[in-house]
Amino acid sequence: MSYTGKILLSMFLGISFGSLINIFFFDNFFAILLSEILSALGEIFISSLKLMVVPLVFFSLIVGVAQIENSSKLGSISIKAVCLYLATTSIAIASALFFASLFDIGSGIGLSTDLEFSAPSAPSLKEVFVSIFPSNPIRSMAEGEMLQIIVFSLLIGFGVKALSNKNEKIISFFQSGNNLMLKIVEIIIWFAPYGIFCLLSDIFSKIGFSIITDLASYFVLLVLVLLFHGFIIYSFFLYFFTRLSPLIFFKNLKEVIFFAFSTSSSSATMPLTLKTAKDKLGVDQSVASFTIPLGATINMDGTAIMQGVATVFIAQAYGIDLAMSDFLLVILTATLASIGTAGVPGVGLIMLAMVLQQVGLPVEGIALIIGVDRLLDMLRTSVNVCGDSMIACIISSSENSLKQEIYYGRS
Ligand code: ASP
């Protein structure tokens, strides 16, 4: 059986097994014990993936920068990346706000509130900007501050590039480090079908499908907008900028999509996204090593869509009208909140609290949607990683470094 076949089978078995426990053996002592064991094994799998994130980004970015012939190229890559991330995220929130308003999904619930809730406030633009620059690289790494790690690795990369004429060994040291990290990622990924089975059976043993019926309109609309953005908008972007086949792109990306779905974490999926971008999507090392970690941190279109739909849903449920200025505020806050927030399960809800607070909506409205959020997190994380990979392809193609033959069946 092919590797993808194994992953699909483990997803199917995990979902079925978990749902079976949820429906028939929810109170059974042995079922609870089994679900604890599965949960522990799933957590070990996610931890092993996360373990690789910092060293992989560090080595791969240094090698990427050292390989760039002209340093100003990095400037153009970053400007393109940030502009594309902002453009796709704004489109994502705008279409979420549009569809949610159009279909009026929350009205009729008829809630009222006079309670004051506190949510973490959204960071200011200055805070976001200053926090990108590390003062202590070890602390940045220990705390997994991705943007700070990127800045530090870029600096080292430039240093290595400047020294490499005089000292060949320095570059080969980092190249060997990068190869070593990729090898370890390969070994961990070999265990993925087992890890995925554990993760999914654990989640579905705790949640079950019945919860969806209570929030069917919210759930279905969100799923449709996510699919629309993930397939239609991304295909359009990819074809418009590169003229390459979106079908081959998605076909080659499928394992990353399944991974993101099963782990609900773009950070944990990142080692595989990076490897796939280089090996199967034809993205050049220097572009991939920079744009993929950056995207996994600041580009979360799926999350932005959830925030747009949820904001309108909660406003309608409480009978509060949102003005055009509120919509703009939602777009701005959601985009700012997503910068620097690591892609881990459930982080979208914390960002949603900031957004609700900013537009003066009751934060306790989150309780309405929290039940289905874990399931939706899986799909929106898949959209998040598709966005990162698609933008990496566009940038590599604009730099004339994309291996196009992959898309013409000559890889
Ligand atoms: N789980 C998402 C991710 O890792 C973030 C979120 O929407 O909660 O990309």
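Key figures
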| quantity | calculated |
| --- | --- |
| The stretch 332-363, subset assigned to a helix (DSSP H, G or I) and open to solvent by 40 Å² or more (accessible area, probe 1.4 Å), residue nearest to residue 208 (Cα to Cα) | 350 |
| Positions within the stretch 375-400 being open to solvent by 30 Å² or more (accessible area, probe 1.4 Å) and over 21 Å from residue 335 (Cα atoms), in sequence order | 398, 399, 400 |
| Residue identified as modelled with pLDDT of 90 or more and of a type in the set (Val, Ile, Thr) among 363, 359, 287, 344 | 287 |
| Looking only at the stretch 200-239, and only at residues there that are out of contact with any helix residue (DSSP H, G or I) (no Cβ under 7 Å at 6 or more places or on another chain) and of a type in the set (Gly, Ala, Ser), the one that is farthest from residue 45 (Cα to Cα) | 217 |
| Index of the failed condition, residue 332 passing every other in (1) farther than 30 Å from residue 247 by Cβ; (2) touching a residue at least 40 places away in the same chain (Cβ under 8 Å) | (2) |
| Residue match in the stretch 212-225 (condition: within 15 Å of residue 372 (Cα to Cα), β-branched (Val, Ile, Thr), within 16 Å of the ligand (Cβ to nearest atom) and assigned to a helix (DSSP H, G or I)) | yes |
| Of residues in the stretch 372-411 being within 24 Å of the chain's Cα centre (by Cα) and of a type in the set (Val, Ile, Thr), the one nearest to the ligand (Cβ to nearest atom) | 381 |
| Enumeration of residues in the stretch 275-311 that are over 17 Å from residue 154 (Cα atoms), aliphatic (A, V, I, L, M), away from the ligand (no atom under 14 Å from the Cβ) and part of a helix (DSSP H, G or I) | 277 |
| Condition broken by residue 31, with the remaining ones in (1) closer than 25 Å to residue 264 by Cβ; (2) surrounded by 18 or more Cβ atoms within 10 Å (Cβ to Cβ); (3) over 22 Å from the mean Cα position of the chain (by Cα) satisfied | (2) |
| Options 7, 21, 44; residue that is more than 30 Å from residue 159 (Cβ to Cβ), open to solvent by 70 Å² or more (accessible area, probe 1.4 Å) and not in a loop (DSSP other than H, G, I, E, B) | 44 |
| First in the stretch 141-168 and open to solvent by 60 Å² or more (accessible area, probe 1.4 Å), second anywhere and not in a helix (DSSP H, G or I), Cβ under 8 Å, 6 or more apart | 145/131; 145/134; 145/340; 158/71 |
| Residues located in the stretch 298-329, provided they are within 29 Å of residue 393 (Cα to Cα) and open to solvent by less than 10 Å² (accessible area, probe 1.4 Å) | 299, 300, 301, 302, 303, 304, 305, 306, 307, 308, 309 |
| Residue pairs meeting the criteria (Cβ under 9 Å; at least 6 apart or on separate chains; first closer than 16 Å to residue 294 by Cβ, in the stretch 253-269; second among the acidic types (Asp, Glu) and more than 8 Å from the ligand (Cβ to nearest atom)) | 266/388 |
| Close pairs (9 angstrom Cβ cut-off, 6 or more residues apart or separate chains): under 22 Å from residue 382 (Cβ atoms) in the stretch 303-324, of a type in the set (Val, Ile, Thr) and away from the ligand (no atom under 16 Å from the Cβ) anywhere | 304/331; 308/331; 309/105; 311/359; 313/105; 313/109 |
| Residues of the stretch 201-224 that turn out to be within 18 Å of the chain's Cα centre (by Cα) and buried (at least 23 other Cβ atoms within 10 Å of the Cβ), as a count | 1 |
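The values are calculated or read from the model by the stated rules, or taken from the named source; none is laboratory data. Just so we're clear, the structure is a prediction, and the values are computed from it rather than from any experiment. FYI the Cβ positions are ideal-geometry reconstructions off the backbone, even for glycines, and counts take in every protein chain you see. To get the accessible areas, we keep the full protein, side chains included, count just its heavy atoms, and leave off ligands, DNA and RNA. Shrake-Rupley method; radii C 1.70, N 1.55, O 1.52, S 1.80 Å.
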